[in-house]
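Engineer: Let me begin by handing over the structure; questions about it come next.
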Amino acid sequence: MREHYRFGPIEAKWQKAWEDLRAFQAREDDPRPKFYCLEMYPYPSGRVHMGHVRNYSIGDVITRFKMMRGFNVLHPIGWDALGLPAENAAIKHGIHPRDWTLNNIAHMREQLKRLGFGYDWSREVNTCLPEYYRWNQWLFLKMFERGLAYRRKSWVNWCPQCRTVLANEQAQGGECWRCETPVVQKQTEHWFLKITDYAEELLSGHGRLQEWPEHVLLMQKNWIGKSTGTRLVFPVPEWKTEIEVFTTRVDTIYGATFLVLSPEHPLVERLLSDPNVSPPLREWAGRAVHEAHTRRDPAEIVKEGMDTGLKAVNPFSGEEIPVWLANYVLMGYGTGAIMAVPAHDQRDHDFAVKYGLPIRTVIEPEEGGEDRPEGLAFEGQGRMVNSGPYSGRISREAVAEMNRYAESKNFGRESTIYRLRDWGISRQRYWGTPIPIVHCPKCGIVGVPYDQLPVELPRDANLTGTEGSPLERVESFARTTCPKCGGPARRDTDTMDTFFDSSWYYFRYTSPKEDSLPVDRRAAEHWMPVDLYIGGVEHAILHLIYARFFTKVFRDLGLAGNDEPFPRYLAQGMVTKDGSAMSKSRGNVVDPDDTIARHGADALRLFILFASPPDKEFAWNEDGIEGCSRFLHRLWNTVRDCRRIFDEAAPSGADLQTGDGVSGLRRRTHRTIKRVTEDIETRVHLNTAVSSIMELVNHIRRAGEEAAATDAGREALREALESALLLLAPFAPHICEELWEATGHATPLVRTPWPDYDPGWASEEKAVIVVQVNGKLKDRFEIASGTPEDVLREQALSRPKVRAAIGRARVRKTVCIPDKLVNIVVG
């Protein structure tokens, strides 16, 4: 009687077996080549969600595969455990954030273990524990000593809902990154990290990140925002001062007919304090300053301005031009002042038309170029006109000479600026790393001595959710003595942005027990950089830029030798259901625990990896997981039905080359090994790897009865079944381990090498695939004969000619004829 597949006991059995074996513990003294596989660590919100399952399943497949390929693999896990949700939960439920966080971690740790993920739990880190955030404070003090951490009064992004400051990267689009509340501006003393010191290196380092998605690099490039141009000063004789501007088009300066200041420009404060300023200008300027401190998308602003009455002198032409205030100029980029050239900049053109300001053409298209349409600025390069001694020159060729002239006359120079701004890390909340600074009336700002770290969070803070730092109200914490003079002083009561914690945690995994430094340099040099980093694209600007910055700081502190933390990054797609991201508020969350109870961890892992490429969106549906569950039951029955062949002695190699039906089975086996190996190792196409394994199992089921009739056939069948289990083991490890053991293998799969393929048996016959769109020929491509339909479909849809033919039309269905045709129906 056939034994039934009972996934529950099987999965519990092998999870304990791996733990007893310490199968995933990594050691620095292992002579095998290292491989560091890392997924972004989770925030302990209370329960593992499907996004976690997908992220960590991808990493676990790579980990198990690399182990079987002979690598010494580091695959750690930890907890991004500080942050606002714990504090809000404490306020709502009357539980301390530490208790809430540790309870959540305990529950989520068990969930991850039930999924069979192969982590080195001996390296687990928890950022809310003093033994971790002590090193946040150590790093802050080192940055403070080097001028990389500094304090200044600044307008900062303030979230009224979260009641805390946000970094620029956390307030994109004028909304809080966490709760989507509109952000306002607030002036306060604030701690910053001088990430701008590394702006050029962060940009140039992209050249070494060849295995990052192009769109992620582009997002970072745009955020860093490098511009090369010219700094110029325009004298303001009436006030005996100068206005500095930055322009990328010095060749258009003879067309500058007015200057524009941002409402936040330092001269505006002087303007508002001048008793001779007219009441309408004073009123408008005050309103513009207020509005400038309310975050809005500049593209949506209705351009408004007023003439200040001041005149500035064009340093090239000597012409006096008016100085205006306008709401479309931002203080956060450049100098907060621009030279307005309305003939050659569309924003300036629109403003000049609105207020009747002069528009002077100084660049005309070269011969054969397109004329400027009526009402539009000509923003291209061309021949200079009305430009004094430069008239007649090609504009792009005159720039260098104009820069040299400006420098020789001491009114300008070539310059590079960046959109990137220093990272504001002060937060007015409790559940974060205390900033290790003391404020002394005599000595000023003083760092806490290293031997007094960590500065621990007090347990008795009263968390009410009201504005201001909770630590400020804990006198036993805030009141202290100055480390320099011994006099009374107060601690800094802000806490650090929790992105500080996650900017270096990957280093801590390499030596989590190190107690004299944040990281043991020998361990860091052994494991770093991370060979594959996996996480969501939503972290492209925040976490990934910060982590790259910290790696360079670690290098400069002598803690590590690498420049980049993650040379290969896989941005996995989100998990959706019913057309939208899974969310409690939408009521479309699928609980992994419920799914495991119904179908098992292996079925869940297999489905979440099979249904979509790792970097694409994954749409949940119950039919899909039931299909994967049925496949595992078929695999179980197939192997159990063939158990007798594993009890027989293997025939000689010569016998394997004979017998009807043997060649087809062996060819299918070795081609599958080759495909799956390449799909995992080279392309990380885990969905097509699973598809190929399923095709192999189906072929075994079809060919099994015929193959079992001869010795050579039985050995080919045995080879195919063993290969199927070995190939599937990284995806569905529990069932594969159980079947491997049931077929007489003493060494568990987690300790068994990956199968090799014979190039002769694996050589592919080629098929030419015709691709049609709505029945019309659009392309052809060559591919291995027998390629599964889902792979054919994916290849056809990726062809440039096919994409062009589809355009924006919706793909309604695809019809595949194996080895012949793919027809894409759109409409």
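Engineer: Being polar (S, T, N, Q) and open to solvent by less than 90 Å² (accessible area, probe 1.4 Å) is the filter here; which residues of region 202-221 pass it? Please lay out each step first, then the result.
Structural biologist: Residues of region 202-221 polar (S, T, N, Q): 204, 210, 220.
Within region 202-221, S204, Q220 meet the criteria.
Conditions (1) under 29 Å from T638 (Cβ atoms); (2) assigned to a loop (DSSP other than H, G, I, E, B), marked per residue:
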| site | (1), (2) |
| --- | --- |
| H4 | yes, yes |
| K13 | yes, no |
| K16 | yes, no |
| D30 | no, yes |
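Engineer: Okay, next question. Give me the pairs: first residue in region 680-706 and touching a residue at least 40 places away in the same chain (Cβ under 8 Å) and of a type in the set (D, E), second residue open to solvent by 10 Å² or more (accessible area, probe 1.4 Å) and not in a helix (DSSP H, G or I), beta-carbon distance under 6 Å, and six or more apart or on different chains, which are they?
Structural biologist: E706/G661
Engineer: Out of curiosity, is D591 crowded, with 22+ Cβ neighbours inside 10 Å and among the acidic types (D, E)? Full working, then the answer.
Structural biologist: Details: crowded, with 22+ Cβ neighbours inside 10 Å: no; among the acidic types (D, E): yes.
No; evaluated as a whole, the condition is false for this residue.
Engineer: While we're looking at this one, here's another question. Quick one: how many residues across region 190-226 are hydroxyl-bearing (S, T, Y) and more than 24 Å from D497 (Cβ to Cβ)? Lay out the reasoning, then the answer.
Structural biologist: Within region 190-226, the first condition is being hydroxyl-bearing (S, T, Y), and the residues that meet it are 196, 198, 204.
Those left that are additionally more than 24 Å from D497 (Cβ to Cβ): 204.
So the count comes out to 1.
Engineer: Tell me, which residue of region 360-391 that is part of a loop (DSSP other than H, G, I, E, B), out of contact with any helix residue (DSSP H, G or I) (no Cβ under 8 Å at 6 or more places or on another chain) and open to solvent by 90 Å² or more (accessible area, probe 1.4 Å) is modelled with the lowest pLDDT?
Structural biologist: Here the answer is E370.
Engineer: Here's another thing I want to ask about it. Go through (1) outside any helix (DSSP H, G or I); (2) aliphatic (A, V, I, L, M); (3) more than 27 Å from P454 (Cα to Cα) for V165 and report which single condition fails.
Structural biologist: Against the list (1) outside any helix (DSSP H, G or I); (2) aliphatic (A, V, I, L, M); (3) more than 27 Å from P454 (Cα to Cα), V165 comes up short only on (3).
Engineer: Can you confirm whether region 733-743 contains a residue that is modelled with pLDDT under 95 and either on the phi > 0 side of the Ramachandran plot or open to solvent by 40 Å² or more (accessible area, probe 1.4 Å) (or both)?
Structural biologist: Taking every residue of region 733-743 in turn, none turns out to be modelled with pLDDT under 95 and either on the phi > 0 side of the Ramachandran plot or open to solvent by 40 Å² or more (accessible area, probe 1.4 Å) (or both).
Engineer: Also, quick follow-up: Considering only region 542-554, I want to know if a residue exists there that is open to solvent by 10 Å² or more (accessible area, probe 1.4 Å), in contact (Cβ under 8 Å) with a residue 40 or more places away in the chain and either in a loop (DSSP other than H, G, I, E, B) or among the hydroxyl-bearing types (S, T, Y) (or both).
Structural biologist: No, region 542-554 has no match at all.
Engineer: Could you grab me the full set of residues in region 455-475 that are under 34 Å from the mean Cα position of the chain (by Cα) and more than 24 Å from W138 (Cα to Cα)?
Structural biologist: Within region 455-475, L463, T464, G465, T466, E467, G468 meet the criteria.
Engineer: Can you tell me how many residues within region 92-144 are in contact with a Ser or Thr (Cβ under 7 Å, 6 or more places away or on another chain), assigned to a loop (DSSP other than H, G, I, E, B) and within 29 Å of L453 (Cα to Cα)? Step through it out loud before you land on a result.
Structural biologist: Within region 92-144, the subset in contact with a Ser or Thr (Cβ under 7 Å, 6 or more places away or on another chain) is 104, 118, 128, 133, 136-137.
Subset that is assigned to a loop (DSSP other than H, G, I, E, B): 118, 128.
Narrowing the set further to residues that are within 29 Å of L453 (Cα to Cα) leaves 128.
Residues flagged as in contact with a Ser or Thr (Cβ under 7 Å, 6 or more places away or on another chain), assigned to a loop (DSSP other than H, G, I, E, B) and within 29 Å of L453 (Cα to Cα) within region 92-144 amount to 1.
Engineer: Same structure again: Examine region 75-95 for a residue that is in contact (Cβ under 8 Å) with a residue 24 or more places away in the chain, farther than 30 Å from E617 by Cβ and surrounded by fewer than 21 Cβ atoms within 10 Å (Cβ to Cβ), and state whether such a residue exists.
Structural biologist: Yes, because at least one residue in region 75-95 is in contact (Cβ under 8 Å) with a residue 24 or more places away in the chain, farther than 30 Å from E617 by Cβ and surrounded by fewer than 21 Cβ atoms within 10 Å (Cβ to Cβ).
Engineer: Something else about it: Does Q137 fit the bill of being touching a residue at least 40 places away in the same chain (Cβ under 8 Å) and not hydroxyl-bearing (S, T, Y)? Break it down into steps so the answer makes sense when it comes.
Structural biologist: Working: touching a residue at least 40 places away in the same chain (Cβ under 8 Å): yes; not hydroxyl-bearing (S, T, Y): yes.
Yes.
Engineer: Can you confirm whether E242 is farther than 15 Å from D348 by Cβ, open to solvent by 70 Å² or more (accessible area, probe 1.4 Å), without any contact (Cβ under 8 Å) to a residue 24 or more places away in the chain and not aromatic (F, W, Y)?
Structural biologist: Working: farther than 15 Å from D348 by Cβ: yes; open to solvent by 70 Å² or more (accessible area, probe 1.4 Å): yes; without any contact (Cβ under 8 Å) to a residue 24 or more places away in the chain: yes; not aromatic (F, W, Y): yes.
Yes; evaluated as a whole, the condition is true for this residue.
Engineer: Here's something else I'd like to know. Look at P512 and say whether it is within 22 Å of G432 (Cα to Cα) and either open to solvent by 10 Å² or more (accessible area, probe 1.4 Å) or of a type in the set (G, A, S) (or both). Reasoning before the result, please.
Structural biologist: Details: within 22 Å of G432 (Cα to Cα): yes; either open to solvent by 10 Å² or more (accessible area, probe 1.4 Å) or of a type in the set (G, A, S) (or both): yes.
When the stated conditions are applied, P512 passes them.
Engineer: Please note which helices (runs of 4 or more DSSP H) are completely contained in region 610-679 and include at least 2 residues that are modelled with pLDDT of 90 or more, in contact with a helix residue (DSSP H, G or I) (Cβ under 9 Å, 6 or more places away or on another chain) and crowded, with 16+ Cβ neighbours inside 10 Å.
Structural biologist: On the way: elements: 622-641, 653-656, 662-678.
Output list reads 622-641, 662-678.
Conditions (1) assigned to a loop (DSSP other than H, G, I, E, B); (2) among the polar types (S, T, N, Q); (3) farther than 28 Å from T551 by Cβ, marked per residue:
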| position | (1), (2), (3) |
| --- | --- |
| H439 | no, no, yes |
| R459 | yes, no, yes |
| T464 | yes, yes, yes |
| G468 | yes, no, yes |
| L471 | no, no, yes |
| G486 | yes, no, yes |
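Engineer: A follow-up question, please. If a residue must be open to solvent by less than 10 Å² (accessible area, probe 1.4 Å) and either assigned to a helix (DSSP H, G or I) or touching an Asp or Glu at 6+ places or on another chain (Cβ under 6 Å) (or both), how many such residues does region 65-74 contain?
Structural biologist: Residues that pass the stated criteria total 2.
Engineer: List the helices (runs of 4 or more DSSP H) that sit entirely inside region 731-808 and contain at least 1 residues that are β-branched (V, I, T) and under 30 Å from W18 (Cα atoms). Talk me through it step by step, then tell me what you get.
Structural biologist: Details: elements: 733-742, 759-762, 789-798, 800-806.
Qualifying helices (runs of 4 or more DSSP H): 733-742.
Engineer: Pairs, please: C-beta under 6 Å, at least 6 apart or cross-chain, first residue under 23 Å from V826 (Cα atoms) and in region 778-791, second open to solvent by less than 30 Å² (accessible area, probe 1.4 Å) and among the β-branched types (V, I, T)?
Structural biologist: Once the first residue is under 23 Å from V826 (Cα atoms) and sits in region 778-791, its partners that are open to solvent by less than 30 Å² (accessible area, probe 1.4 Å) and among the β-branched types (V, I, T) give K778/V771; K778/V802; D779/V771; D779/V802; F781/I769; V791/T688.
Engineer: Would you mention how many residues in region 524-541 are out of contact with any His (no Cβ under 9 Å at 6 or more places or on another chain) and open to solvent by 10 Å² or more (accessible area, probe 1.4 Å)?
Structural biologist: In the first step, residues of region 524-541 are kept if they are out of contact with any His (no Cβ under 9 Å at 6 or more places or on another chain); the result is 524-534, 536, 538-539, 541.
Now drop any that are not open to solvent by 10 Å² or more (accessible area, probe 1.4 Å), which leaves 525-526, 528-529, 531, 538-539, 541.
Going through region 524-541 one residue at a time, the tally reaches 8.
Engineer: Let me ask something else. Which numbered condition in (1) of a type outside the set (S, T, N, Q); (2) within 26 Å of the chain's Cα centre (by Cα); (3) modelled with pLDDT of 95 or more is the only one that V156 fails?
Structural biologist: Answer for V156: the failing condition is (3).
Engineer: Check region 719-741 and report whether any residue there is farther than 24 Å from L609 by Cα and more than 37 Å from the chain's Cα centre (by Cα).
Structural biologist: Narrowing region 719-741 to residues farther than 24 Å from L609 by Cα: 719, 741.
Narrowing further to those that are more than 37 Å from the chain's Cα centre (by Cα): 719, 741.
Yes, because at least one residue in region 719-741 is farther than 24 Å from L609 by Cα and more than 37 Å from the chain's Cα centre (by Cα).
Engineer: Another one. Looking at (1) in the same structural domain as F144 (by TED's automatic domain parsing); (2) surrounded by fewer than 21 Cβ atoms within 10 Å (Cβ to Cβ), can you tell me which one V448 breaks?
Structural biologist: Unmet condition: (2).
Engineer: Within region 401-412, can you find the residues that are open to solvent by 50 Å² or more (accessible area, probe 1.4 Å) and part of a helix (DSSP H, G or I)? Show your work before the answer.
Structural biologist: Filtering region 401-412 for residues open to solvent by 50 Å² or more (accessible area, probe 1.4 Å) gives 401, 404-405, 407-410.
Selection gives E401, R404, Y405, E407, S408.
Engineer: Also, I was wondering about something else. Inside region 181-209, can you point out the residues that are in a loop (DSSP other than H, G, I, E, B) and more than 19 Å from the chain's Cα centre (by Cα)? Can you show your working first?
Structural biologist: Narrowing region 181-209 to residues in a loop (DSSP other than H, G, I, E, B): 181, 183, 194, 209.
T181, V183, K194 - these are the residues of region 181-209 that are in a loop (DSSP other than H, G, I, E, B) and more than 19 Å from the chain's Cα centre (by Cα).
Engineer: Now, a different point. What number goes with the only condition from (1) open to solvent by 20 Å² or more (accessible area, probe 1.4 Å); (2) more than 21 Å from A340 (Cβ to Cβ) that Y254 does not pass?
Structural biologist: It fails just one condition, (2).
Engineer: Sticking with this one: Suppose we filter V690, V684, V697 for residues that are on the phi > 0 side of the Ramachandran plot and modelled with pLDDT of 90 or more; which single one remains? It would help to see each step written out before you state the result.
Structural biologist: Working: V690 fails: on the phi > 0 side of the Ramachandran plot; V697 fails: on the phi > 0 side of the Ramachandran plot.
Going through V690, V684, V697 in turn, the sole match is V684.
The values are calculated or read from the model by the stated rules, or taken from the named source; none is laboratory data. Bear in mind the structure is a predicted one, so any value in this text is a computation, not a measurement. Because the Cβ atoms are built from the backbone with ideal geometry, glycine has one as well, and the counts that use them run over all protein chains shown. Remember, those area values only see protein heavy atoms, side chains included, never the ligands or the DNA or RNA. Shrake-Rupley method; radii C 1.70, N 1.55, O 1.52, S 1.80 Å.
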